[in-house]
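Would you mind keeping the following structure in view while I ask a few things?
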Amino acid sequence: MKNHESPYINKRKKTIEFYIHLQAASHVSLAGTFNHWAQDELNMQSVNKDFWKIEIPMLPHGKYYYKFFIDDRMWMEDIENPLREPDGVTGWNSILTI
């Protein structure tokens with residue numbers, strides 16, 4: 001189902017693809033410093049019952065922090081991305097560098 005690591009910078013299409021495997025989620029969105037942590041803007045698509053993806057336009061060069069927001073109640077870092085830093089609370093922010 002997934003062809004690339006998450007996040008995947010697609011230079012040819014000038015997009016960035018994010019993927020997450022989650023069981024029993026009904027809604028997943030992507031939020032980060034690139035959209036001011038808005039929880040309701042970047043809704044991920046359910047590809048099958050436990051695989052979600054989203055493709056966003058390429059971002060300017062820089063370092064970005066992001067997380068997934070699950071079922072309007074829980075934040076989760078991108079467990080497939082080993083690049084992360086403490087979020088200042090009790091969890092982690094995943095890092096995307098363009």
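Keeping to region 60-77, report how many residues are touching a Phe, Trp or Tyr at 6+ places or on another chain (Cβ under 7 Å) and either surrounded by fewer than 17 Cβ atoms within 10 Å (Cβ to Cβ) or assigned to a loop (DSSP other than H, G, I, E, B) (or both).
Matching residues across region 60-77 total 2.
Here is a list: ILE16, ILE20. Which entry is under 9 Å from the mean Cα position of the chain (by Cα) and either part of a strand (DSSP E or B) or under 19 Å from ASP87 (Cα atoms) (or both)?
That would be ILE20, the only listed residue that is under 9 Å from the mean Cα position of the chain (by Cα) and either part of a strand (DSSP E or B) or under 19 Å from ASP87 (Cα atoms) (or both).
Got a number for residues in region 23-54 being of a type in the set (Val, Ile, Thr), within 14 Å of the chain's Cα centre (by Cα) and surrounded by fewer than 18 Cβ atoms within 10 Å (Cβ to Cβ)?
Within region 23-54, residues that are of a type in the set (Val, Ile, Thr), within 14 Å of the chain's Cα centre (by Cα) and surrounded by fewer than 18 Cβ atoms within 10 Å (Cβ to Cβ) number 1.
Here's something else I'd like to know. So, in region 78-98, how many residues would count as being closer than 26 Å to LYS11 by Cα and either of a type in the set (S, T, N, Q) or part of a strand (DSSP E or B) (or both)?
Narrowing region 78-98 to residues closer than 26 Å to LYS11 by Cα: 78-85, 93-98.
Those still in the list that are either of a type in the set (S, T, N, Q) or part of a strand (DSSP E or B) (or both) too: 81, 84-85, 93-97.
Of the residues in that region, 8 qualify.
To continue, here is another question. In the list PRO86, PRO57, which residue meets the criterion of being closer than 16 Å to LEU30 by Cα, exposed (fewer than 13 other Cβ atoms within 10 Å of the Cβ) and not acidic (Asp, Glu)?
Going through PRO86, PRO57 in turn, the sole match is PRO57.
None of the figures in this text is laboratory data; all of them are computed from the coordinates on show. Just so it is clear, the model here is predicted, and its values are computed rather than measured. Backbone-built Cβ (ideal geometry, glycine too); neighbour counts: all protein chains shown.
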